[in-house]
Amino acid sequence: MYHHKQIVNTLKERGYRITPQRELIVQIFSQIEKHQSVEEIFDSLQKITTAINLATVYRTLELLWREGFAQRNDLSDGRVFFAPPIHGTHIHLVCRKCNQVIDADAESVLALDAEFIDKYNFKADLDHISIFGVCEGCDQNEPDLEEDVE
């Protein structure tokens, strides 16, 4: 896990300007233990200061993602969620009906990763992905679309 000071120093070395607001966002983000939306992180920051706006939080989290210090994922409702890399490699199975999120075994993507490298010379970011579908509960309540229709 990266300490927020390491992240800030690395960003400085890469030529990014570090404002007090950006440093505070990095500090708060590096302490979260689960996926959080930009709005949830913003709400946490508002308890400390009102000198940070939502756009600054979003831009900083996008920067952290681009620079490899954050995982970014769409879990449901079109909202983007972020988590520190310490959160680890995993797959989210997201029900498109009820938005339930099921954590799946990350081993499932290893073969896919190898295939992308072998076939396409492409290293995919498969550390944190979502696959949308229908959970068992919603599937039982959904009419069978494969019945004979005449």
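The values are calculated or read from the model by the stated rules, or taken from the named source; none is laboratory data. Fair warning: this is a prediction, and the values are worked out from it, not measured in the lab. As a convention, Cβ positions derive from the backbone with ideal geometry for all residues, glycine included, and neighbour counts pool all protein chains shown. With ligands, DNA and RNA removed, areas are computed over all heavy atoms of the protein, side chains included. Shrake-Rupley method; radii C 1.70, N 1.55, O 1.52, S 1.80 Å.
Summing -39500 (n - 2.57) over the DSSP H runs of n ≥ 4 in the chain and dividing by its residue number, what mean residue ellipticity at 222 nm do you reach, to the nearest 500 deg cm²/dmol? Computed ellipticity for the chain at 222 nm equals -12000 deg cm²/dmol. Considering only THR50, GLN36, ALA70, the residue lying farthest towards the positive end of the dipole of the chain is THR50, judged by Cα position with unit charges set on Cβ.
Note that the chain presents 65 Å² accessible area per residue, ligands and nucleic acids not counted, probe 1.4 Å. For the chain, averaging the sequence separation of C-alpha pairs within contact (under 8 Å, six or more residues apart) and dividing by the residue count gives a relative contact order of 18 percent.
One quarter of the surface of the convex hull around the alpha-carbon atoms of the chain equals 12.9 nm², the direction-averaged projected area. Using a Gaussian network model on the chain with a 10 Å cutoff between Cα atoms, which of ASP105, ASP118, ASP139 fluctuates the most? Most flexible of the set in this elastic network: ASP118.
log10 I(q)/I(0), Debye, Cα-only the range 2-52, no solvent, q = 0.12, 0.24 Å⁻¹? Normalising to I(0) and taking log10 leaves -0.27, -0.94. What lysines sit close enough to LYS5 to cross-link, taking a C-alpha to C-alpha distance under 30 Å and skipping anything fewer than 8 places away on the same chain? Partners found: LYS34, LYS47, LYS123.
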